[in-house]
Amino acid sequence: MKITNVRAFATAPPEVNRNYVFVKVETDEGIEGWGEATMGAVSVTGVIEELGEMLGGRDPFRIEEAWQMLYNFSHNLRGGVLHMAAISGIDIALWDIKGKALNVPVYELLGGAMRDKFWAYGRFDGQTPELAVENAMSWVEQGLTALKGDPHSHKGLFPTAESQRDALAKVEAVRDAVGDDVELMIEVHGRLSTEGAISMGRALEQYRPFWFEEPVPPENVDAMLKVRDAVNIPLATGERIYTKWGFRELFEKQVVEFVQPDICHAGGILELKKLAAMAETYYLGFCPHNPYGPINTLAALHVDAASPNFLVQEGGHADWYRHVVKGDFPFQKDGYFDLPTGVGLGIELDEEALIKNPPRPSPHTEGYLHNAQFPSRQQNHWI
């Protein structure tokens, strides 16, 4: 079997304020694999097509070899989110091909499933405490037992006292509404200085957060270490860290309790399996990040299935999936995903539906995400 073509599809599903990028790898035996590389729609599409040209005529089963070639082919172009998103999407598609060719789910190629269900979480974002509670309860009523939200409304690294009070009021309202048996994850998107994160973290302790996510920007591990030493809440991070080399210092300094690599940015299925194993040696929970599309969700679930330290899965529960997915997608039920069925990843994508909805100008033109930019639950692709 040989690779004959690598194609990128950029698309914007109706009523969703985000572009998505998918990868299709074709072979001379008619077996096709799907991956996801959601990032800047135009920019990452070009990288996918450039890297794809290097794979023509190669054996799709030799995934490690392909990964190393795509990562190391240039002395100057190595790493970074665009390069890694393109590699990740291609890697996921190659695993899909291999599973289909061998007539097994991808997780069987990773050591086999260790679990049949996967804990998942919803959201409690809202511009006011009342809206945050409304969103939280909509997910609790569906049976979810964990919720994540970013209560911060400020921009930049230095929140005002009013902004901190506003964030705490949202968390307090949600905690009072859902009770003590629902876990709350507090997300920051790296929008706090070290001292600001310490101040906020200490104020949050009374609400017993399950984790404090990316309290400071991810580039400075020592800054996050200061937060860890000063705050009695477990830390989580990883969505903006790529490859095993990017995570090395975070692991060695034992800064966090939970790692959150994103499978369509950090390196794909192969790299996430390695990162899960590295995290296992430090007794860290493996909790893949994912606010993206159905392929990203399925790929993460296959790694989750075969990782002993998997804890909870983010993302992958949106009505628009039904318009582009062919096959049995394991939609979340009662707070859990089921083990994927079918060979390879277990689904196909409808090319006509992807092409019918071309990408739109990027909606995130004002910097960091903030509460006002989260869509309603009906449109929300986060869980």
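Suppose only helical runs count, i.e. DSSP H with n ≥ 4. What mean residue ellipticity at 222 nm does that imply for the chain under -39500 (n - 2.57) per run, divided by all residues and rounded to the nearest 500 deg cm²/dmol? Walk me through the intermediate numbers first.
Numbers: 13 runs with 146 residues, N = 383.
Dividing the helical sum by the residues of the chain leaves -11500 deg cm²/dmol.
May I ask for the angle, rounded to the nearest 10°, between helix 194-204 and the longest principal axis of the chain, with both axes built from Cα atoms and the value confined to 0 to 90°?
70
Specify whether the C-alpha gyration tensor of the stretch 114-221 places it in the rounded, prolate or oblate class, a ≥ b ≥ c being the square roots of the eigenvalues: rounded for a/c under 1.5, otherwise prolate if a/b is larger than b/c and oblate if not. All intermediate terms of the calculation are to be shown ahead of the outcome.
Details: a/c = 2.12, a/b = 1.39, b/c = 1.52.
It comes out oblate by the Cα gyration axes.
With +1 on the Cβ of every Lys and Arg and -1 on the Cβ of every Asp and Glu, and nothing else charged, how large is the dipole of the stretch 176-217 about its Cα centre, in debye rounded to the nearest 20?
220
Just need the relative contact order of the chain here, percent rounded to a whole number, with Cα pairs under 8 Å and 6+ apart. Could you put the intermediate results ahead of the total?
Working: 863 pairs, mean separation 80.0, N = 383.
Averaging sequence separation for qualifying contacts and normalising by length gives 21 percent for the chain.
For the stretch 22-41 and the stretch 95-139, what is the centre-to-centre distance using only Cα atoms, to the nearest Å?
For the stretch 22-41 versus the stretch 95-139, the Cα centre distance is 21 Å.
Could you check what % of the DSSP bridge pairs in the chain are antiparallel, to the nearest 5? Spell out each step's value before the answer.
Values: 20 of 39 bridges.
Counting only bridges with both partners in the chain, antiparallel ones make up about 50 percent.
Taking a quarter of the surface of the convex hull around the Cα atoms of the chain, what do you get in nm²?
Working: hull surface 68.3 nm².
The Cα convex hull of the chain, projected and averaged over all directions, gives 17.1 nm².
Based on alpha-carbon positions alone, could you give the equivalent ellipsoid semi-axes of the stretch 159-246 from the gyration tensor, as √(5λ), descending, whole Å?
On the way: eigenvalues 105, 46, 24 Å².
Here the semi-axes work out to 23, 15, 11 Å.
Taking a probe of 1.4 Å, how large is the accessible area per residue of the chain, in Å²? Let's see the in-between values first.
Values: 14930 Å² over 383 residues.
Value for the chain: 39 Å² per residue.
Rounded, prolate or oblate for the stretch 86-125? Axes are the square roots of the Cα gyration tensor eigenvalues, ordered a ≥ b ≥ c, and the cut-off for rounded is a/c under 1.5.
Taking the square roots of the gyration eigenvalues as a ≥ b ≥ c, the stretch 86-125 is oblate.
Spin-label point model (7 Å from Cα, Cβ direction): what's the Gln142 to Gln68 distance in nm?
According to this spin-label approximation, the distance is 4.3 nm.
Got the relative contact order for the stretch 28-169 handy, in percent, Cα pairs under 8 Å and 6 or more residues apart?
Values: 143 pairs, mean separation 30.9, N = 142.
Relative CO of the stretch 28-169 lands at 22 percent.
What residue among Leu345, Leu275, Leu131 shows peak mean-square fluctuation when the chain is described by a Gaussian network model with Cα springs under 10 Å?
Leu131
How do Glu183, Glu257, Glu141 rank by accessible surface area computed with a 1.4 Å probe, from largest to smallest? Don't skip to the end; give the middle numbers.
Values: Glu183 40, Glu257 95, Glu141 145 Å².
Ranking Glu183, Glu257, Glu141 by accessible area, largest first, yields Glu141, Glu257, Glu183.
With angles folded into 0 to 90 degrees, how steeply does helix 221-230 sit against the dominant principal axis of the chain? Use alpha carbons for both and round to 10.
The answer is roughly 40 degrees.
Leaving out ligands, DNA and RNA, and with a 1.4 Å probe, what % of the accessible surface on the chain is carbon or sulfur? Please report the intermediate quantities before stating the final value.
Numbers: 7390 of 14930 Å².
About 49 percent, which is the carbon plus sulfur part of the accessible surface.
If one computes the Cα centroid of the stretch 215-277 and of the stretch 163-178, what distance in Å separates the two points?
Spelled out, the Cα-based centre of one part sits 26 Å from the other.
For the chain, take the longest principal axis of its alpha carbons; what is the angle in degrees between that and the long axis of helix 268-281, to the nearest 10 within 0 to 90?
Here the helix axis deviates by roughly 50 degrees.
Hey, if you drop one equal point scatterer on each alpha-carbon of the stretch 14-123 and run the Debye formula without solvent, what base-10 log of I(q)/I(0) do you get at q = 0.19, 0.22 Å⁻¹?
The calculated log intensity ratios at q = 0.19, 0.22 Å⁻¹ are -1.04, -1.20.
Restricting to Cα pairs below 8 Å that are 6+ residues apart, what does the relative contact order work out to for the stretch 151-230? Please round to a whole percent.
32
The values are calculated or read from the model by the stated rules, or taken from the named source; none is laboratory data. Since the structure is predicted, the reported quantities are computational estimates derived from the model, not experimental observations. For neighbour counting, all protein chains shown are included, and Cβ atoms are generated from backbone atoms with ideal geometry for every residue, glycine included. Remember, those area values only see protein heavy atoms, side chains included, never the ligands or the DNA or RNA. Shrake-Rupley method; radii C 1.70, N 1.55, O 1.52, S 1.80 Å.
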